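Input: a single structure, listed below in structure tokens.
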Amino acid sequence: MSTAPVLTPDHGALMDSVYRKQRHVYDATRKFYLFGRDQLIDGLALPHGGNVLEIGCGTGRNLARIAKRWPGTTLYGLDISAEMLKSASERTSGMARLAQGDATQFDPEALFGAATFDRVVISFALSMIPDWEQALLHAASLLAPGGSLHVVDFGDMKRMPAIIRAPLRRWLTWFHVAPRNDLVRLALAQAARRGLGCRSRIGLGGYYQMVILGRVR
Ligand SMILES: C[S@@+](CC[C@H](N)C(=O)[O-])C[C@H]1O[C@@H](n2cnc3c(N)ncnc32)[C@H](O)[C@@H]1O
């Protein structure tokens, strides 16, 4: 049975409160526990001159790395937190077009002047978005022909020792993070609906999960 998402009245304000101070130490600290992000970036296989949208772009860390790894790419970043966007703006300094918006219901044409994207990236953001299912569906609807959606996030941690799993999951709740155990199931359903392929990978005993929707080998 699927349950209705718990919607926070002002999710943007909540994210601002989480990140107002955290954003200053975010990149230095998250490299120790947000695994799979560079693997996702390496796997983007962007065509020269292609465009990428990162939904929930945070400090802009991934966008800056994409610019280095895939030169010639047009970059867009969306986040609900004005605080995080301050960091993203400093980090990407004119390399990316940034906008504030809600992953579940933004209009890319109005915000970025682009309706579709060659690659859409969602990295450790679905676990913080109350209506993450709608965010995933919206992201999949923004793919250009031949485009792909790349997601990395916390996994179900099922194959990790219980002594680590339980405190880890508790600790994540302090940051309003909830692993999305149904991510692969929903991605497979979306892929079937849209005539796309879907590939998934579980890392470190379920600590993180990666999903690619699109033309996958
Ligand atoms: C853990 S951070 C991940 C940042 C970056 N993607 C990374 O990999 O480092 C999650 C980000 O998602 C953003 N976020 C949360 N809910 C959102 C929503 N509904 N719409 C857009 N962004 C959202 C937060 O503000 C935060 O910047």
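Per-residue ellipticity at 222 nm from helix content only, as computed over the chain with -39500 (n - 2.57) for each DSSP H run of at least four residues, stands at -10500 deg cm²/dmol. Restricting attention to the range 11-215, the count of lysine pairs at 8 or more positions apart or across chains with alpha carbons under 26 Å apart stands at 6. When the chain is treated as a Gaussian network with alpha carbon springs shorter than 10 Å, the biggest mean-square fluctuation among GLY56, GLY147, GLY113 belongs to GLY113. Given their separation in residues at 0.36 nm each and the Cα-Cα distance between them, LEU14 and ARG201 gain 64.3 nm when the chain is fully extended. The mean sequence separation of alpha-carbon pairs under 8 Å and at least six residues apart, normalised by the residue count of the range 11-215, gives a relative contact order of 18 percent. The mean accessible area for residues of the range 11-215, using a 1.4 Å probe and ignoring ligands and nucleic acids, is 45 Å² per residue. Net length available on complete extension from LEU137 to ALA192 is 18.6 nm, with 0.36 nm assigned per residue and the Cα-Cα distance removed.
With a cut-off of 9 Å between beta carbons, the residues surrounding GLY206 carry a summed charge of +2, where Lys and Arg count +1 and Asp and Glu -1. Extending 7 Å from Cα along the Cβ direction at PHE32 and again at GLU90 yields two label points whose distance is 2.1 nm. In a DSSP loop and with at most 13 other Cβ atoms within 10 Å, the trypsin sites (Lys or Arg not before Pro) in the range 1-100 are LYS31.
Taking all protein chains together and rolling a 1.4 Å probe, GLU109 ends up with roughly 100 Å² accessible. For ILE202, the accessible surface of its heavy atoms amounts to roughly 80 Å² (probe 1.4 Å, protein chains only, rounded to the nearest 10). Among the trypsin sites (Lys or Arg not before Pro) in the range 138-173, those located in a DSSP loop and surrounded by at most 15 other Cβ atoms within 10 Å of their own Cβ are LYS158, ARG159.
Accessible area of SER127 (1.4 Å probe, protein heavy atoms only, ligands and nucleic acids ignored): about 0 Å².
According to the Cα-based calculation, Rg over Rh for the range 104-217 is 1.01, with Rh computed by the Kirkwood formula.
Distance between the C-alpha centres of the range 56-96 and the range 174-217: 23 Å, rounded to the whole angstrom. Most simply put, the range 11-215 has about 40% antiparallel DSSP beta bridges, counting only bridges with both residues inside it. For the chain, the Kirkwood radius over C-alpha pairs fed into Stokes-Einstein at 20 °C and 1.002 mPa s yields D = 123 µm² per second. Given R0 = 35 Å, the distance between the Cβ atoms of GLN105 and ALA162 translates into a calculated FRET efficiency of 0.40.
The values are calculated or read from the model by the stated rules, or taken from the named source; none is laboratory data. Treat the numbers as computed from the prediction; the structure is a model and nothing was measured. Neighbour counts run over all protein chains shown; Cβ positions are idealised from the backbone, glycine included. Ligands, DNA and RNA are stripped out before the accessible areas are found, and what is left, the full protein with its side chains, is counted by its heavy atoms. Shrake-Rupley method; radii C 1.70, N 1.55, O 1.52, S 1.80 Å.
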